[in-house]
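Here's the structure we're looking at; comments come further down.
The values are calculated or read from the model by the stated rules, or taken from the named source; none is laboratory data. Since the model is a prediction, treat every value here as computed from it, not as a measurement. Positions of Cβ are generated from backbone atoms using ideal geometry, with glycine treated the same way; all protein chains shown enter the neighbour counts. Just the protein is used for accessible areas: all its heavy atoms, side chains included, with ligands, DNA and RNA removed. Shrake-Rupley method; radii C 1.70, N 1.55, O 1.52, S 1.80 Å.
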Amino acid sequence: MRYGILGDIHANLSALEAVLRCFEQEGVDKILSVGDVVGYGAAPRECIALVREVGATVVKGNHDAAAIGELDTTFFNPHAKAATEWTSGQLSKQDMAWIEDLPLIANLSECSVAHGTFHEPEHYDYIQCTQDADASLDLMDLPVCFVGHTHVPVVIMRMTDDPTRTAYTIEYEVDLSESARALVNVGSVGQPRDEDSRAAYCVYDAEQATVSIGRAKYDIEREAARIRSAGLPGILADRLFLGV
Ligand code: ZN
């Protein structure tokens, strides 16, 4: 089974379309999403429709929860807050109901999916180093869990020959055959923050036990124009060109 995993989409339709084309070329059998389908970008309804159309298994991100009033935005920065309010005004009742029903964790036959952490997904904490990953790696029942939230791709692993050590790599092609458990941050489709403006995505080949991070060029100008004409903060358009 080959899985295509969508990182934080953030209502960026052109980026999502570009990544779905890559999944077609890669011949993926099943699409997963780590959440944050909406927020920041200006095409929330279109992105929800598209992930539903491709039959993706989706978990709930903090921006998804905030857009339907499930999560307090006190600690969001002003731009994120403005985008959340705008997004709430765009969503239909059906979109809202779909978000409400999203689980915080999805367990498939060969991997799990969560937004921030596997161990306490409802807190939407960030995994940025090996220490942050340990509590999730301790609890995982399946060999691989895909996450997002930081918008920076990274793979954190416990190897079979030394399960006491947690290793970290930013390589794009990772062999998981010697890994007991791996937490894979797939980066962000619609708002990368690793200074690479291309959309990030991940392909997991369960038989080969490999994960690869891919990058897709997309029409940033088109998405930036959509953000500006929606009246969203200009910085949300500008940052897409920088990948920050
Ligand atoms: Zn996000």
Residue that is under 19 Å from ILE105 (Cα atoms) and either free of Cβ contacts under 8 Å to residues at least 12 places away in the same chain or crowded, with 17+ Cβ neighbours inside 10 Å (or both), where the choices are VAL155, VAL174, VAL211: VAL155
- line: In the range 122-163, residues that are hydroxyl-bearing (Ser, Thr, Tyr) and touching a strand residue (DSSP E or B) at 6+ places or on another chain (Cβ under 8 Å) total 4
- prompt: Consider SER136 against the criteria (1) surrounded by 20 or more Cβ atoms within 10 Å (Cβ to Cβ); (2) away from the ligand (no atom under 15 Å from the Cβ); (3) assigned to a loop (DSSP other than H, G, I, E, B): it satisfies all of them except one. Which criterion is unmet?
  reply: (3)
field: Selection from the range 14-30 of residues that are more than 16 Å from the ligand (Cβ to nearest atom), more than 21 Å from GLU207 (Cα to Cα) and either within 11 Å of the chain's Cα centre (by Cα) or open to solvent by less than 20 Å² (accessible area, probe 1.4 Å) (or both)
entry: SER14, ALA18
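Starting from residues that are open to solvent by 10 Å² or more (accessible area, probe 1.4 Å) and in a loop (DSSP other than H, G, I, E, B), keep the ones in the range 110-126 and report whichever is farthest from ALA65 (Cα to Cα). Steps first, answer last, please.
At the first step, the residues of the range 110-126 found to be open to solvent by 10 Å² or more (accessible area, probe 1.4 Å) are 110, 118-126.
Narrowing further to those that are in a loop (DSSP other than H, G, I, E, B): 110, 118-120, 124-126.
Details: GLU110: 26, PHE118: 17, HIS119: 18, GLU120: 15, TYR124: 10, ASP125: 14, TYR126: 16 Å.
Per the criteria, the residue is GLU110.
Tell me the strands (runs of 3 or more DSSP E) entirely within the range 160-215 that contain at least 2 residues that are over 12 Å from ILE5 (Cβ atoms) and not β-branched (Val, Ile, Thr).
On the way: elements: 162-169, 173-175, 179-185, 199-205.
The strands (runs of 3 or more DSSP E) meeting that bar are 162-169, 173-175, 179-185.
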- line: Over the range 85-103, the set of residues open to solvent by less than 60 Å² (accessible area, probe 1.4 Å) and within 28 Å of SER136 (Cα to Cα) is TRP98, ILE99, LEU102, PRO103
Counted residues, the range 177-192 - those being open to solvent by 30 Å² or more (accessible area, probe 1.4 Å) and in contact with a Ser or Thr (Cβ under 7 Å, 6 or more places away or on another chain): 2
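Conditions tested, residue by residue: (1) away from the ligand (no atom under 15 Å from the Cβ); (2) under 15 Å from ILE105 (Cβ atoms).
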site: LEU32; (1), (2): yes, yes
site: ALA42; (1), (2): yes, no
site: GLU46; (1), (2): yes, no
site: THR57; (1), (2): yes, yes
site: ALA65; (1), (2): no, yes
site: LEU71; (1), (2): no, no
site: THR74; (1), (2): yes, no
